[in-house]
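The values are calculated or read from the model by the stated rules, or taken from the named source; none is laboratory data. Small disclaimer: the values here were computed from a predicted structure and weren't measured. For neighbour counting, all protein chains shown are included, and Cβ atoms are generated from backbone atoms with ideal geometry for every residue, glycine included. Protein only, heavy atoms only, side chains kept; ligands, DNA and RNA dropped before computing areas. Shrake-Rupley method; radii C 1.70, N 1.55, O 1.52, S 1.80 Å.
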Amino acid sequence: MTIASSSPPSRLPLSGTEGARTEPGEDPSPDRSHGGDGRLAAVFIAPALIGFVVFLLWPTLRGIYLSFTRFNLLTPAEWVGFANYDRMIHDPVFWDSLKVTVEYVVINIGVQTVSALAIAVLLQRLTQSPVLRGIVLTPYLMSNVVAGLVWLWILDNQLGIGNEIIAGLGFDRIPFLADETWAVPTIALINVWRHVGYTALLLFAGLMAIPNDMYEAAKVDGASEWRMFWRITMPLLRPVLAVVLIMTVIGSFQVFDTVAVTTGGGPANATNVLQFYIYQSAFGRFQFGYASAMSVALLVVLSAITVLQYRLTRAGHTDLG
Amino acid sequence: MAAVTTTTTTTRIRPTRRRALSPGRVLAWTAMGAIVLVTLLPFYWILRTALSTNSGLAAHASDPLPVDPTGTGFARALGLESTKDAIAQGGAGGGLKFWRYLLNSVIVSTLVTGCQIFFSAMAAYAFARLRWRGRDRVFALFLAGLMVPTIFTLLPNFVLIKELGLIDNLLGIALPTMFMTPFAVFFLRQFFMNVPREVEEAALLDGAGKVRIFFRVLLPMASAPVLTLAVLTYITSWNDYFWPLMVSYSDSSRVLTVALAIFRAQTPQSGVDWSGLMAATLIAALPMLVLFGFFARRIVSTISFTGIK
């Protein structure tokens, strides 16, 4: 699609000189004549490889190393073996924050997946208007900070329009972000608002791969939209849905921004998600070793989820033909 | 769109579906309307609040229009109002160097997007089109990098940036994502792999070297995916909060997202400066809305048809 839209490359102005060499001063290597591009590849790959090694590979290894040390940034890291992990296992705040994180992820992913699926199906079956698709994506353009602040205002206990409507309908005002029961679901829903359009578009991409004649044939047989959804859409979308789920679950485990601007972990640690606890341990108490150990725990959890979901996806492949 | 459907003879179902207004379709359209409303209403509410005065907001909380329409919220957000006036309006007394933060955000996002896409495209070309020893093994390593969640590398990267003496420096904010992301390399490699080999061979026959082929043939051909990737990278970088929060300590390197959160923290706990805060929020979000406005159609269709992450 994209290839067809650009001009035919053969007509591009290329230098006509035979065997023009673009890298000055390079010896013609025998490597080259046999189809190898070793030197050129080394030049082309160098910046990305440096970035990869310095800011991804090395930090990963170092993060694991730091989790076995006591480290406060000021003095050199001191090897303490499994002390950080031992502390973590006996730290009730850690377990609480893990619980809060899981609660957040379950609500966030549950609501987001169902809503995104509904939006995607509406976009496919009702109207394929690109304008509507664009509108649905707009919250994604906001930062988590902006989204958090806007909803903090809308849901404000006294002046927020959300609570004004609730009060107008004759119900009690809800202290959405100031109440221990409401805070986590509220934050989860704020992030659903920001991300659901993006997820819906990913699912829409999957829906577009389903041939339209399947729906037309079903329609001739008198199938209802509801029946078509369960008999055609759901089975054929399953692999795409699984991949999107893996991505969004991993993304939502990393919640931090919204918590930081709305509740700051409160009330009474009710929204103290693991990320926030890690951040506080590192930058509030300068316990980089302990914070690293918790990061490793998070990494292990995420890897396990990825592997598990990947397996489930594969298992689902058979009945899709 | 309508013209297309009427001229084609193959669409038998569409016209009948259009006319039939079954209860199900009414319900579906109602749901669609509700979705659009929930999506867009907060944007209107930002604008309405930003144009109101704080005292007006307290008196008429549910008024759908701006209360006592005024621009002082924007003036405060932009730091154009005197400290005395700002405090009288319920704003923060501290100076808000808005333009500095805006510039910082622009510098970081431009640096990250420009370099990351360029270097990733070069690497993607090397992985897709050049033959060299160990290529597949190095690529597998990059792919494994996709699995490492960003959160995991943040703390060690902070330590590294500190050792490099780049704390509170814009370069320190940009560096970790400036060279590549595994995803960008992966995404562009997919594109280069799909370019027919004849294209390259034709250029080779014309006497072009591989470097020239990359810059003059393949990169221009990839302009559509590159542009989409660039806009999405720009948005992600602009909206990033966690990493800049870790690295920047003063106005010199503070980006808009961090400044916004601080602006919120600075306002008095008893009466938050909602008007000023929403004005600042709107100004912070505006550049991305404009950027999206320019490229919306292309981005939406790229995501819709390729499922780009």
Taking A:Ala242, is it free of Cβ contacts under 8 Å to residues at least 60 places away in the same chain and open to solvent by less than 50 Å² (accessible area, probe 1.4 Å)? no
Any pair with Cβ under 7 angstrom, 6 or more apart, that starts in segment A:113-134 at a residue that is farther than 21 Å from A:Lys219 by Cα and ends at one that is of a type in the set (S, T, N, Q): A:Ala116/A:Thr199; A:Pro130/B:Ser301; A:Arg133/B:Ser304
Of the residues A:Ile232, A:Ile250, A:Ile190, which single one is surrounded by fewer than 18 Cβ atoms within 10 Å (Cβ to Cβ) and touching a residue at least 12 places away in the same chain (Cβ under 8 Å)? A:Ile232
Check whether at least one residue in segment A:264-274 is farther than 30 Å from B:Ala259 by Cα, within 12 Å of chain B (Cβ to nearest Cβ) and surrounded by 15 or more Cβ atoms within 10 Å (Cβ to Cβ), and report yes or no. no
By residue number, the members of segment A:107-146 that are open to solvent by less than 10 Å² (accessible area, probe 1.4 Å), more than 8 Å from chain B (Cβ to nearest Cβ) and out of contact with any His (no Cβ under 9 Å at 6 or more places or on another chain) are A:Ala120, A:Leu123
Qualifying positions in segment A:58-67 - within 7 Å of chain B (Cβ to nearest Cβ) and not hydroxyl-bearing (Ser, Thr, Tyr): A:Pro59, A:Arg62, A:Gly63, A:Leu66
Quick check on B:Arg129: is it charged (D, E, K, R), more than 8 Å from every other protein chain (Cβ to nearest Cβ) and in contact (Cβ under 8 Å) with a residue 60 or more places away in the chain? yes
For A:Thr69: the one exception among (1) under 27 Å from the mean Cα position of the chain (by Cα); (2) open to solvent by less than 20 Å² (accessible area, probe 1.4 Å): (1)
Tell me which helices (runs of 4 or more DSSP H) are completely within segment B:193-291 and hold 3 or more residues being open to solvent by 40 Å² or more (accessible area, probe 1.4 Å), within 7 Å of chain A (Cβ to nearest Cβ) and hydroxyl-bearing (Ser, Thr, Tyr), or say none if there are none. none
Could you check A:Tyr290 against (1) closer than 22 Å to B:Tyr241 by Cα; (2) in contact with a strand residue (DSSP E or B) (Cβ under 9 Å, 6 or more places away or on another chain) and say which number it fails? (1)
Qualifying residue in segment A:79-93 (condition: at pLDDT below 95 and within 13 Å of chain B (Cβ to nearest Cβ)): no
Residue list for segment A:153-175, filter: within 8 Å of chain B (Cβ to nearest Cβ), touching a Phe, Trp or Tyr at 6+ places or on another chain (Cβ under 8 Å) and among the aliphatic types (A, V, I, L, M): A:Ile154, A:Leu159, A:Ile161
Testing A:Val150 on (1) under 17 Å from A:Pro267 (Cα atoms); (2) among the β-branched types (Val, Ile, Thr); (3) open to solvent by less than 10 Å² (accessible area, probe 1.4 Å), one condition comes back false. Which one is that? (1)
For A:Leu98, the lone unmet condition from (1) farther than 30 Å from A:Trp226 by Cα; (2) within 11 Å of chain B (Cβ to nearest Cβ); (3) out of contact with any Asp or Glu (no Cβ under 9 Å at 6 or more places or on another chain); (4) not acidic (Asp, Glu) is (2)
If we keep just the residues of segment B:44-72 that are among the hydrophobic types (A, V, I, L, M, F, W, C) and within 7 Å of chain A (Cβ to nearest Cβ), which is surrounded by the most Cβ atoms within 10 Å (Cβ to Cβ)? B:Leu57
Any idea which of B:Ala140, B:Ala184 is free of Cβ contacts under 8 Å to residues at least 24 places away in the same chain, small (Gly, Ala, Ser), assigned to a helix (DSSP H, G or I) and under 25 Å from A:Val249 (Cβ atoms)? B:Ala140
Residue check for A:Asn191: of a type outside the set (Gly, Ala, Ser), within 21 Å of B:Arg264 (Cα to Cα), in contact with a helix residue (DSSP H, G or I) (Cβ under 8 Å, 6 or more places away or on another chain) and part of a helix (DSSP H, G or I): yes
